[in-house]
Structure formats: C-alpha cells, structure tokens
1. What Rg and what Dmax come out for the chain when only alpha-carbon atoms are used, in angstroms?
2. Quote the charge dipole size of the chain about the Cα centre in Debye, to the nearest 20; the model charges only the Cβ of Lys and Arg (+1) and of Asp and Glu (-1).
3. What is the local net charge at Val82, summed over the other residues whose Cβ is closer than 10 Å to its Cβ (Lys, Arg +1; Asp, Glu -1)?
4. Hey, what angle do you get for helix 90-109 against the long axis of the chain, alpha-carbon based, 0 to 90 degrees rounded to 10?
5. Shape call for segment 1-52 from the C-alpha gyration tensor, a ≥ b ≥ c root eigenvalues: rounded (a/c under 1.5), prolate (a/b greater than b/c) or oblate?
6. Counting helices only, and only those DSSP H runs with n ≥ 4, report the 222 nm mean residue ellipticity of the chain as the sum of -39,500 (n - 2.57) divided by its residues, in deg cm²/dmol to the nearest 500.
7. Summing +1 for each Lys or Arg and -1 for each Asp or Glu, what net charge is found among the other residues whose Cβ lies under 13 Å from the Cβ of Ser27?
8. Can you tally the net charge around Ile14? Count Lys and Arg as +1, Asp and Glu as -1, for every other residue whose Cβ sits under 13 Å from the Cβ of Ile14.
Amino acid sequence: MNVETRQMIEREIIAALAQAAISRGYSVAIDNGEELKPRTKSLEVILGQLMETDIDTMTVYDDAGDVLGWFLLVYGNDGWDVVADHTTGVAEGLMLDAEPVISKWERLYV
C-alpha cells in the first residue's frame, strides 16, 4: 500500500473516533509528544493537528476538563491498526462507534 492510502485510512479511523467523541459532547486534545494542543470540539481542527510526529495521543475530556480516556495513535503500519492502545470505559465505547470503519479497512488488508 502506498503512503497516501495508508494516511487516508489512518485519518478516516481517527475522524470516526473524534466524531464519536464530539457527538457525545466531549472535547479532544492531541499530544504529539512535543506539544499538547488545546482541547477542541472541532473535527477539522483535530484532523489538522495529526501526524506531526510518528505517534499522537488523543485524549478525550468532559466539559469540566476531566480526562475520560485516551487513544495511542501510531502511524506508519498498515493504516487500519492506527489505534495501538486505548483506555477502558469511554474509549471502549468510542472504539465501538468507530468499529465499522476500522473493520472495513482491516477486511481489505488482512
């Protein structure tokens, strides 16, 4: 698979996770290991903050600013496996929401 296709798959999966969080009223912050970006409920902003480094952590917050969960995003593998790790609880629910997108790509490439 070429790099552009892999990155498109990674972005589509992350967009599904972020949109699931936003739809539930949560905000999201991206930490690329060098800088923690401000929390936002804008999918466009979130997607613009990705892939500045090889690994991002996407953290999900409630309106009080409490952490509800996180996703470790590792780029450069097969695309569909961009979520390398995540917490339990809220993050598991968001993974379930994104599962159709993840499964679509996994079925094509595994």
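Coordinate-derived values only; no laboratory data. Being a predicted model, the structure only gives us computed values, none of them experimental. Cβ: placed from backbone, ideal geometry, glycine included. Neighbour counts: every protein chain shown.
1. 13.0, 42
2. The dipole magnitude comes to about 320 debye.
3. Result for the neighbourhood of Val82: -3.
4. Once rounded, one gets 10 degrees.
5. The shape class here is oblate.
6. Rounded to the nearest 500, the figure is -14000 deg cm²/dmol.
7. +1
8. Charge balance in the 13 Å sphere: -4.
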